[in-house]
Protein chains: 2
Amino acid sequence: MEETGKYKKGRQAPEPTLKRLPGYLYYLEQVREDGILNISAPTIGKDLSCDPTQVVKDLAFTGVKGKPRVGYNVYELIHSLEEYMGHNQVNEAFLIGAGNLGSALMAYQQEQALGLRIIAAFDIDKKKIGENIGGVHILEYSKLFSLSGRLNVKIAILTTPNQAAQEVAEDLINCGIKAIWNFTSVNLNLPEGIIVQNTSIGSYAAVLLRRLNDAGNNL
Amino acid sequence: MEETGKYKKGRQAPEPTLKRLPGYLYYLEQVREDGILNISAPTIGKDLSCDPTQVVKDLAFTGVKGKPRVGYNVYELIHSLEEYMGHNQVNEAFLIGAGNLGSALMAYQQEQALGLRIIAAFDIDKKKIGENIGGVHILEYSKLFSLSGRLNVKIAILTTPNQAAQEVAEDLINCGIKAIWNFTSVNLNLPEGIIVQNTSIGSYAAVLLRRLNDAGNNL
DNA sequence: CTTTAATAAAGAATTTATTCTTTATTTGTT
DNA sequence: AACAAATAAAGAATAAATTCTTTATTAAAG
Ligand SMILES: NC(=O)c1ccc[n+]([C@@H]2O[C@H](COP(=O)([O-])OP(=O)(O)OC[C@H]3O[C@@H](n4cnc5c(N)ncnc54)[C@H](O)[C@@H]3O)[C@@H](O)[C@H]2O)c1
Ligand SMILES: NC(=O)c1ccc[n+]([C@@H]2O[C@H](COP(=O)([O-])OP(=O)(O)OC[C@H]3O[C@@H](n4cnc5c(N)ncnc54)[C@H](O)[C@@H]3O)[C@@H](O)[C@H]2O)c1
């Protein structure tokens, strides 16, 4: 029978779900290391302090199937999550601005599966050129233009100081970059169609502070 | 007239709103630097690429009042946001694990108003003890216990490696810490009432990758 | 072989957040 | 002084996300 609109399958996971998936993945890798073969949504929910039906619904978006009385196969689940998040394809990225945060991210990508691979970093600081952090070489910024011509990199991680962000972002677009993971506070002004993923850790601080104040008022 | 339930004032901003507030604050500080005295929600919306009525609703939670045909007074608005987010009170924090990310955060707090002040960092690595990063002294981890007895610090930023996270978190609770800003991937298991703010940058990567894939399919 | 308990999956209801609409206020203009 | 335009604010409608409920499937126990 033909699929009607109402019952169309394979709807895209909503953003809140998508943001939870990396958390499941890390957790499941730990579970796998413990030699556990099957795991149920109620168990996941308990360990991650979240609603078990939400776990079921979240995981269902990846297409994985669980079995009643058994749960999910841990390997299948990990594979399904990685597949869904696009970790199996190669997602190469440049990093611009190898300072405090940039260096941290280069170190981080080694241990943690972010789903993308930083293949080169660029900086204008002569002292940093030539360094290797987390397996990533730091190159002179001007090399960005020639290198991007040869490689087909679509993603850039922007960790320059705020005042350089807009200008660097424009350069990146000229180099064929389609998506910018923006860690600066600047609201980049770029052509239609360019993906800008703003990333504000200040948001988390705001939530933390309120929760703390709320708790304090109940004492 | 007495306030009925339906019209109760001062309802707490929902979390999505709260997470947007730091973005407004940074933007408005730039606006202020440009010498602009008043700003309207439509202008903010255009600059930040978001819905102007959402801007109005978000800002209303801080208690600020705007004027038709004029907009908001930039100074008032900044003050109101800072007040609402608790930036005026002293929010002292310890940082545990002065590695790549910890160092980046120490450098960051100087320039950016996160609403909290890191007053000391702790590490077990002898090479790091004594260093000063972003105005923060790095102390021997064991000093945490004596120091927390004298000071009344409620917040800790956890940036140790994953495998140390649970143990360190337990130490922190014993030192009187009430809220942990957790940057590790570990799902901490702590007593009721302790606030744990998990912070996953992997979530942003997941969203970025999907947006890029979605865009790619439309070519 | 039947029954029972656990659980995934699907669907409904509720809650929450965003967007749209209307109203009222304020300033500048004629 | 009356009028027009811009805009904040309040309210209504829509959309989205979460939580609750029911159903059906499976494996284990009797
Ligand atoms: N440090 C953090 O924890 C943190 C957290 C969130 C966001 N941020 C933001 O990330 C950005 C970087 O922060 P940071 O602490 O790493 O700063 P940083 O000064 O340590 O690093 C910036 C790097 O960019 C390089 N750079 C400057 N101009 C450049 C240009 N035109 N082209 C290429 N490289 C250039 C500098 O040489 C430096 O190495 C800032 O916008 C900051 O607000 C930082
Ligand atoms: N680097 C990043 O960009 C990034 C981003 C997000 C999350 N994280 C997470 O943040 C954590 C830290 O990452 P990092 O890259 O800074 O690692 P890192 O190894 O550079 O830093 C960890 C620091 O903690 C110290 N440490 C180890 N055990 C300790 C203990 N018991 N008590 C006190 N200090 C101790 C180490 O000496 C080191 O200085 C990890 O869990 C990582 O997954 C990192």
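The values are calculated or read from the model by the stated rules, or taken from the named source; none is laboratory data. Note that the structure is a prediction, hence the values are computed from the model and not measured. Counting neighbours? That spans all protein chains shown, and the Cβs are built from the backbone with ideal geometry, glycine included.
Structural remarks
- Exclusive hit being surrounded by 16 or more Cβ atoms within 10 Å (Cβ to Cβ), charged (D, E, K, R) and free of Cβ contacts under 8 Å to residues at least 40 places away in the same chain, set B:Arg69, B:Arg20: B:Arg20
- Residues that are within 9 Å of another protein chain (Cβ to nearest Cβ) and either over 26 Å from B:Ile44 (Cα atoms) or hydroxyl-bearing (Ser, Thr, Tyr) (or both), drawn from the stretch A:171-219: A:Ser185, A:Thr199, A:Ser200, A:Ser203, A:Tyr204, A:Arg211, A:Leu212, A:Asn213, A:Asp214, A:Ala215, A:Gly216
- Evaluation of B:Leu172 against the conditions (1) crowded, with 19+ Cβ neighbours inside 10 Å; (2) over 18 Å from B:Met106 (Cβ atoms) shows that the sole unmet condition is (2).
- Filter result for A:Ser185 (touching a Lys or Arg at 6+ places or on another chain (Cβ under 6 Å) and under 24 Å from B:Met85 (Cβ atoms)): no
- Pairs linking a residue in the stretch B:86-98 that is more than 22 Å from B:Ala165 (Cβ to Cβ) and modelled with pLDDT of 95 or more to a residue that is outside any loop (DSSP other than H, G, I, E, B) and not basic (Lys, Arg), with Cβ atoms under 6 Å and 6 or more positions apart or on different chains, are B:Gly86/A:Leu209; B:Gly86/A:Asn213.
- B:Val56 more than 25 Å from A:Asn162 (Cβ to Cβ) and modelled with pLDDT under 95: no
- Boolean, A:Leu188 is more than 15 Å from ligand 1 (Cβ to nearest atom) and either in a helix (DSSP H, G or I) or modelled with pLDDT of 95 or more (or both): no
- Boolean, A:Tyr27 is among the hydroxyl-bearing types (Ser, Thr, Tyr), within 14 Å of chain B (Cβ to nearest Cβ), part of a helix (DSSP H, G or I) and more than 16 Å from DNA strand D (Cβ to nearest atom): yes
- Unmet criterion (only one of (1) over 14 Å from the mean Cα position of the chain (by Cα); (2) away from ligand 1 (no atom under 16 Å from the Cβ)) for B:Ile96: (2)
- Top-ranked residue in the stretch B:38-88 [being within 12 Å of chain A (Cβ to nearest Cβ) and of a type in the set (Gly, Ala, Ser); ranked as nearest to ligand 2 (Cβ to nearest atom)]: B:Gly86
- Counting only residues that are crowded, with 16+ Cβ neighbours inside 10 Å and part of a loop (DSSP other than H, G, I, E, B), the stretch A:152-169 holds 4 of them.
- Applying the set (1) crowded, with 18+ Cβ neighbours inside 10 Å; (2) within 23 Å of A:Gln12 (Cα to Cα); (3) of a type in the set (Gly, Ala, Ser); (4) within 12 Å of chain B (Cβ to nearest Cβ) to A:Ser103 leaves exactly one unmet item: (2).
- Pairs with Cβ under 6 Å, 6+ apart, first in the stretch B:179-195 and more than 16 Å from B:Asn162 (Cβ to Cβ), second within 16 Å of DNA strand D (Cβ to nearest atom): B:Ile195/A:Arg211
- Which numbered condition A:Gly63 fails, given (1) farther than 21 Å from B:Ala205 by Cβ; (2) surrounded by fewer than 17 Cβ atoms within 10 Å (Cβ to Cβ): (1)
- In the stretch B:122-142 there is at least one residue that is more than 8 Å from every other protein chain (Cβ to nearest Cβ), polar (S, T, N, Q) and over 19 Å from A:Leu101 (Cα atoms).
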